[in-house]
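Right, one structure below, let's go through it.
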Amino acid sequence: MWNETSAGGLGPRRSAIVRRVVEYILGERHGVPLANIDFFAGSMDHLIVEPEAVRRSLYLEDSVAAGKGFANAVTAFDELAKEIKELKDIPLEVSAVQPCTPGLRYSSVFTPSPRRLKDFDRLPASLRHIEPLEFHLALEGSGSWPDDLEAVQKIKSAFLAKMGEGLEARRSVLKAEVVVEVDARPIDDNVSLEILTAAGWAFRARIYYDRSQILLEEREEQLGDAAAASTSSHLSPLDSYLQRFVHAPRHHGAMCALQNHFPSFSPTVRLLKRWASAHMLSAHFDHEQLELVAASVFLDPASPFDPPQSGATGFARAMDRLATWKWRDEPLLVPVYSFTQATSSARRAVLPVADRQAVVESFQALRLAKPNVDEHAWVIATEADLDGTVWGRRAGKVVAARIRGLAKATLATLQAGVAAGSLVVEVRSDLSLLFLAAARLY
């Protein structure tokens, strides 16, 4: 039985299995030595895996080495969600637990693994941070909630504290602490519950209260222009709420659907994020923006190629997209939600003509209103965001120009390396895209 585990932890690597079969046939039947066989697929896998020594020192169980990949994190989340729903001594029952984080949609750069908590305090400060996996809680309906937005946050805090006490009473949870964001506005969602499990997983829970949207809309209507002026340098309270509790969960679901349909989507977006991080540009872009860029190369109806069949192919397509996209003059349309509603045999989805026209008109109005492009340099529109401005407020023209230049340089390095024969590349016959090896990527 042929079996091979991917370095990214996504399960069997079909390309590696093919390699082993071909090597066996060439060696056993034709006497070709392994040294004479060059195999190019998977050459970038190690970019999305921490060094083995680091994994061994940090993780209780190495999800990559065990071949479980993201399944470990999903299982840990499911177990915690079950415990939360079983809590009895809380004012309102939890009706739903919604994951909303890259680590639970197969798009974090590195595969989440449970941390080794023994001797944790002896680690250097740089290794003590545990990135929490975030999720949202929906509660059963109640008429006891206050209509004051600040009071809503205090109710959330009290509820989370009670939930934390209940979880700590269970041996599977070591610590559950209520955290208040001191820099947040009093009417924003500014409180969460940070949970550390005995198995070494960290989570962050937030409470979704649907009536907050109505209260925020009423507040904006009452304040009018004064509200806009007071939040000119930040997202408005309403936009902040919508981004966190409406758009982010919807995006999470769409990315999970893409990954389920295109197994190569996960390594593609992870390589793209790794590339942005290596150039110190991660802080300028939301996770969701980079995920939508990666999704665009899988869903582009104008592409003459089939969807990428490997992470490296997808990464090369993303580089080409970033290098050629005239972001100052045109938006990027990514129909991720139309795709998720399509039949399983569909590979592409197209925005309706009316929606495409609305995107163009909104984009032109944005550029006329803010010609300096100090924010929203990338306008990435979806069916749920025809304006294309839900994500990317802090990304301006300088960083957008920088990332485009880097993408061009990456492609040029690739082409030069292929011509010189000094790069490990993969060539897919009908896809016709070559790509850069890890050693020369950065």
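Numbers at a glance
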| item | result |
| --- | --- |
| Condition met for Arg367 (within 15 Å of Ser264 (Cα to Cα), basic (Lys, Arg), in a helix (DSSP H, G or I) and modelled with pLDDT of 90 or more) | no |
| Evaluation of Phe315 against (1) under 24 Å from Leu47 (Cβ atoms); (2) out of contact with any Leu (no Cβ under 6 Å at 6 or more places or on another chain) (one fails), failing number | (2) |
| Ser264 vs. criteria without any contact (Cβ under 8 Å) to a residue 60 or more places away in the chain and over 22 Å from Val373 (Cβ atoms) | yes |
| From Ser43, Ser108, residue being at pLDDT below 80, polar (S, T, N, Q) and surrounded by 15 or more Cβ atoms within 10 Å (Cβ to Cβ) | Ser43 |
| Qualifying position, being exposed (fewer than 15 other Cβ atoms within 10 Å of the Cβ), modelled with pLDDT of 80 or more and in contact with a Phe, Trp or Tyr (Cβ under 7 Å, 6 or more places away or on another chain), among Ala377, Ala412, Ala384, Ala401 | Ala384 |
| Subset of segment 75-98 that is among the hydrophobic types (A, V, I, L, M, F, W, C) and under 25 Å from the mean Cα position of the chain (by Cα) - its residue that is farthest from Ile155 (Cα to Cα) | Ala76 |
| Condition check for Leu58: under 29 Å from Pro112 (Cα atoms) and at pLDDT 75 or above | yes |
| Matching residues, segment 79-89, being within 15 Å of Lys162 (Cβ to Cβ) and either outside the structural domain of Ala205 (by TED's automatic domain parsing) or without any contact (Cβ under 8 Å) to a residue 12 or more places away in the chain (or both) | Glu86 |
| Subset of segment 153-180 (residues that are of a type in the set (Val, Ile, Thr) and within 29 Å of the chain's Cα centre (by Cα)) | Val173, Val178, Val179, Val180 |
| Selection count, segment 167-186, where residues are under 17 Å from Glu83 (Cβ atoms), hydrophobic (A, V, I, L, M, F, W, C) and in a strand (DSSP E or B) | 3 |
| Residue within segment 105-123 that is outside any loop (DSSP other than H, G, I, E, B) and within 22 Å of the chain's Cα centre (by Cα) present | yes |
| Any hit, segment 178-187, residues being among the acidic types (Asp, Glu), free of Cβ contacts under 8 Å to residues at least 24 places away in the same chain and surrounded by fewer than 20 Cβ atoms within 10 Å (Cβ to Cβ) | yes |
| Residue that is modelled with the lowest pLDDT [pool: residues in segment 79-89 that are over 13 Å from Glu140 (Cα atoms) and surrounded by 13 or more Cβ atoms within 10 Å (Cβ to Cβ)] | Leu87 |
| The one condition in (1) modelled with pLDDT of 95 or more; (2) in a helix (DSSP H, G or I) that Leu137 fails to fulfil | (2) |
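Residue-by-condition table, conditions (1) within 28 Å of Lys397 (Cβ to Cβ); (2) touching a strand residue (DSSP E or B) at 6+ places or on another chain (Cβ under 9 Å):
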site: Tyr209; (1), (2): no, yes
site: Gln259; (1), (2): no, no
site: Glu288; (1), (2): yes, yes
site: Glu291; (1), (2): yes, no
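To keep it simple, each residue is scored yes or no on (1) modelled with pLDDT of 85 or more; (2) touching a Gly at 6+ places or on another chain (Cβ under 7 Å); (3) not assigned by TED's automatic domain parsing to the domain that holds Phe135.
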| site | (1), (2), (3) |
| --- | --- |
| Asn3 | no, no, yes |
| Ser15 | no, yes, yes |
| Glu23 | no, no, yes |
| Pro91 | yes, no, no |
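The values are calculated or read from the model by the stated rules, or taken from the named source; none is laboratory data. Quantities reported herein were computed from a predicted structural model and do not represent experimental measurements. For neighbour counting, all protein chains shown are included, and Cβ atoms are generated from backbone atoms with ideal geometry for every residue, glycine included.
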